[in-house]
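Throughout, read-outs are computed from the coordinates displayed, never taken from laboratory work. Given the structure is predicted, the values throughout are model-derived calculations rather than measurements. Quick reminder, even Gly has a Cβ in these numbers, built from the backbone with ideal geometry, and neighbours come from all protein chains shown.
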Amino acid sequence: MSHPPIRWNQSPLGRRQFLFDAASGLGGVALASLLADEQRLTANEEIKTPIRPVIRPEAPLARRPTHFTPQASRVVMIFCSGAVSHVDTFDYKPELMKRHGQPLPGAEKLVTFQGEQGNLIAPQWPFKPRGESGKMISDLLPNLADLADDICFIHSMTAKSNTHGPGENQMSTGYTLDGFPSIGAWVSYALGSESADLPSFVAIPDPRGVPQTGSNNWNSAFLPAAFQGIPFNADKPIANLARPAEISASTEAATLDFLKRLNEQHLRQHPDDTNLAARIASYELAARLQLRAVEVSDLSRESEETQTLYGVLDSNPIKAGFGRNCLLARRLLERGVRFVQLFNGSYAMGEGVGNWDGHKTLKSQYEVHAPILDQPAAALLKDLKRTGLLEDTLVVWVTEFGRMPTFQKGASGRDHNPKGFTCWLAGAGVKRGFSFGATDDFGHTAIDQPTTIYDLHATILHLLGLDHERLSVYHNGIERRLTDVHGHVLKQVLTS
């Protein structure tokens, strides 16, 4: 084939020129594509500007507006530390019963957190249909099972870690690492408090002690310290609130009044000192707490019928203590506390002794833990419903991950399983008697609508009228969110 001759003013295209032109052309195409994407995203309103709440230093807990109309005004999160076995409680698996004693298909000699797994083991308690919905729940938690028609179950939850500490961190903060604000702190940061005399966020540790990562679960990290959770329970009230016996009430009042005048004078001289304003607000809240915390913790004001409902008078001191904590939670919620984190189980007593970490002897350990949780937690749900608080209160039940459908080799307990487990919601804005998502036939892996903790957090914020993609704080050059860059609102579980 002949080629046209090259004219005198036309030189062949050199290799360098070709590569330069090609790179420039591709760069132009890429830039045009990016600009088009940006224009398209803007047109679809998918680029969302951050919303950072305006915090008044002199009133950091002042009530702040929601991003849109909320369905919930407050949240109580019941956190069962130690990882409750979903296959023994809420996740009914007939195939697991049929295959009892057989290897987990496709996973022979499976090694998990503590080592090699044995065979599939059926639930240790029988399952029965509950309520009008017919939801299958085990006999381990009969009082909660009776409330199946009020509960929205999420059976396809997944977590990033199979270790308790990082697992607790992720469930409470969205991150497996230390140093991130808890969800309660985010809610307090976004919305402030509905009460002038009580904290916006209260953490209630189990009567037996604190969870494994302790204050990580209620810390404020790089959010202002005013938004961290205040930890106390019914048996251990807030420390250092009582007036020393040697100081009279009139002396204390005069001292506080004098201190207030000095602070106000100093603040007038230094109006831009926001740290001082925040400290003054903190001290004033502490002073008000001296009066209000005593009142809210005084459970003797409750009727004997109510105390009996919660198990406050039970002969088991730990169950009675958790019952008092659940009753305290209700009293805090009705007095305007925005977020209550209620813990069941602690790590001070060792593996599985004071928590749900059933590795070695799951059945005997769970028969201790279940009654402590069951009646008081069910009473809280019933009481919120009876008083009408459930209409705008969101109840969230969580645990850091689930457990295996097998027993550990050489043991009578189940190892950690973050691949699929159950959490549930009840109350404001969520469907009742509803189940979302599913694990496989054995309860090992989420296969239908796999869900993340990011999704759970996004849904909680959504019900509170907050956009999880926009609620943020600028920290160390990064726009930080509770849900990081992840999470989708679980619209399928919402009533609207």
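Taking amide H as placed 1.01 Å from N in the peptide plane, Trp424 has its amide H under 5 Å from the amide H of Ile154, Trp397, each at least 5 places away in sequence or on another chain. Phi-derived couplings, Karplus 6.51 cos²θ - 1.76 cosθ + 1.60 at θ = phi - 60°, listed residue by residue for the range 109-122: 6, 5, 10, 10, 4, 9, x, 5, 9, x, 8, 4, 10, 4 Hz, with x used for Gly and Pro. Here Thr213, Thr387, Thr422 are placed in order of increasing Cβ neighbour count within 10 Å, fewest first, which gives Thr387, Thr213, Thr422. For Lys93, go through the aspartates and glutamates and keep the ones whose alpha-carbon is under 19 Å away, minus same-chain ones fewer than eight residues off. Lys93 reaches Asp139, Asp415, Asp440, Asp441, Asp448.
Spatially, the range 145-189 and the range 417-496 are offset by 9 Å when compared through their Cα centroids. How would you classify the range 114-166 from its alpha-carbon gyration tensor, with a ≥ b ≥ c the square roots of the eigenvalues: rounded for a/c under 1.5, else prolate if a/b is greater than b/c, otherwise oblate? Oblate is the answer for the range 114-166, as a/c is 1.5 or above yet b/c matches or exceeds a/b.
Here's how it looks for Ile151: its modeled amide H is under 5 Å from those of Gly433, Phe434, which are all 5 or more places away or on a different chain.
Kindly identify the range 344-414 as rounded, prolate or oblate by the Cα gyration tensor criterion: order the square roots of the eigenvalues as a ≥ b ≥ c, call it rounded if a/c is under 1.5, otherwise compare a/b with b/c, prolate if a/b is larger, else oblate. Prolate. In sequence order, the range 54-60 has phi-based couplings of 7, 9, 7, x, 6, 8, x Hz under the Karplus curve 6.51 cos²θ - 1.76 cosθ + 1.60, θ = phi - 60°, and Gly or Pro positions carry x. Shape class of the chain from the Cα gyration tensor (axes a ≥ b ≥ c, square roots of the eigenvalues): oblate, since a/c reaches 1.5 or more and a/b does not exceed b/c. In a fully extended conformation the segment linking Arg386 and Arg63 would gain 113.6 nm over its present Cα-Cα distance, using 0.36 nm per residue.
Using the Cβ-Cβ distance between Ser250 and His486 with R0 = 51 Å, the FRET efficiency computed as 1/(1 + (r/R0)^6) comes to roughly 0.35.
Listed values for the range 460-470 are Karplus-derived 3J(HN,Hα) couplings in whole Hz (6.51 cos²θ - 1.76 cosθ + 1.60, θ = phi - 60°), namely 4, 4, 4, 5, 8, x, 10, 8, 5, 7, 10, and x replaces Gly and Pro. Between Arg74 and Leu394, the built amide H atoms are under 5 Å apart, and every one of these is 5 or more places off in sequence or on another chain.
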